[in-house]
1. What's the FRET efficiency of Lys70 with Asp28 using the Cβ-Cβ distance as r and R₀ = 25 Å, to the nearest 0.05?
2. I'd like the Karplus ³J(HN,Hα) series for region 58-69: coefficients 6.51, -1.76, 1.60, θ = phi - 60°, whole numbers in Hz, and an x wherever there's a Gly or Pro.
3. Quickly rank 69-75, 101-107 as a protection proxy: mean count of other C-beta atoms within 10 Å, highest first.
4. How would you classify region 29-110 from its alpha-carbon gyration tensor, with a ≥ b ≥ c the square roots of the eigenvalues: rounded for a/c under 1.5, else prolate if a/b is greater than b/c, otherwise oblate?
5. What is the total of Lys pairs in region 29-110 with C-alpha atoms under 16 Å apart, excluding same-chain pairs fewer than 8 positions apart?
6. Using Cα centres only, tell me the gap between region 47-85 and region 26-46 in whole Å.
7. Would you mind checking which residues have amide H under 5 Å from Lys83's amide H? H placed 1.01 Å from N; only 5 or more apart, or other chain.
8. Summing +1 for each Lys or Arg and -1 for each Asp or Glu, what net charge is found among the other residues whose Cβ lies under 9 Å from the Cβ of Asp72?
Amino acid sequence: MLRGKLAVCVLFIGSFICLSNSNIFATDIDTDLIFADMCEMCHGPDGKGTKQGIEFGVHDFTDAEWQASKTDEEFVNSITNGKEENPNYIPYGGMLGEEEIKAMAAYVRKFAQE
Ligand code: HEC
C-alpha cells in the first residue's frame, strides 16, 4: 500500500520536474529552435518561404506591407487553428502551447523589422 503511494508520489514529482523543464514560461521559449524545427521547411530561414512553402501559398514574412495588414490575433489564430480555406496550412494548437504560439507570432514580426 505504502509502495503504491510512494510510486504515485514519485510519478507526481517526476511529471512536475518535466513540466518545469518544458517551455511553459515565456522567457524559456526557444523561438529560434521552434522555427527551425517546425516552421522553416515552409517559411524558410529568412522568412521569405521555401519552394515547397510558396507552392503551399505562404506569404513573404519580410514584406512589411503584408505584415501591417495582419493583426497579432490573426497570426495567433492562424498558427493555432490553421487556415480553413487553405488545407496546406496545418494547425499547431495541438503541438505548441498558447505562450509558445504568442511568442512565434512575435517572432514572425521580426522578419519585417530588419
Ligand atoms: C507545411 C508548411 C508550413 C509550415 C510547416 C508552417 N507554415 Fe505557416 N503558413 C503556411 C502557409 C501555406 C501559409 C499561408 C496560409 C494562407 O494565407 O492561406 C502560412 C501562414 C502563416 C502565417 C500568416 C497567417 C495569417 O494570418 O495570414 C504565420 C504567422 C505563420 N504561417 C506562422 C508559422 C509558424 C510560426 C510556423 C511554425 C510553428 C509555421 N507557420 C509553419 C505553411 C506552413
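1. Values: r = 26 Å, r/R0 = 1.06.
After rounding to 0.05, the efficiency reads 0.40.
2. Going residue by residue, I get 6, 9, 6, 5, 7, 7, 4, 5, 5, 4, 5, 7 Hz, with x marking Gly and Pro.
3. Per-residue Cβ counts within 10 Å, averaged per peptide and sorted highest first, yield 101-107, 69-75.
4. On the way: a/c = 1.17, a/b = 1.16, b/c = 1.01.
Rounded.
5. Lysine pair count for region 29-110: 5.
6. Between the Cα centres of region 47-85 and region 26-46 lies a distance of 14 Å.
7. When sequence neighbours closer than 5 places are left aside, the close amide H contacts are Tyr89.
8. Working: positive: Lys70, Lys102, Arg109; negative: Glu73, Glu74.
Every neighbour counted, the sum reads +1.
Bear in mind that the values in this text are calculations on the coordinates, not laboratory data. These numbers were taken from a predicted model, which means no experiment stands behind them. When we count neighbours, we look across all protein chains shown, and the Cβ atoms used for this are built from the backbone with ideal geometry, even at glycine.
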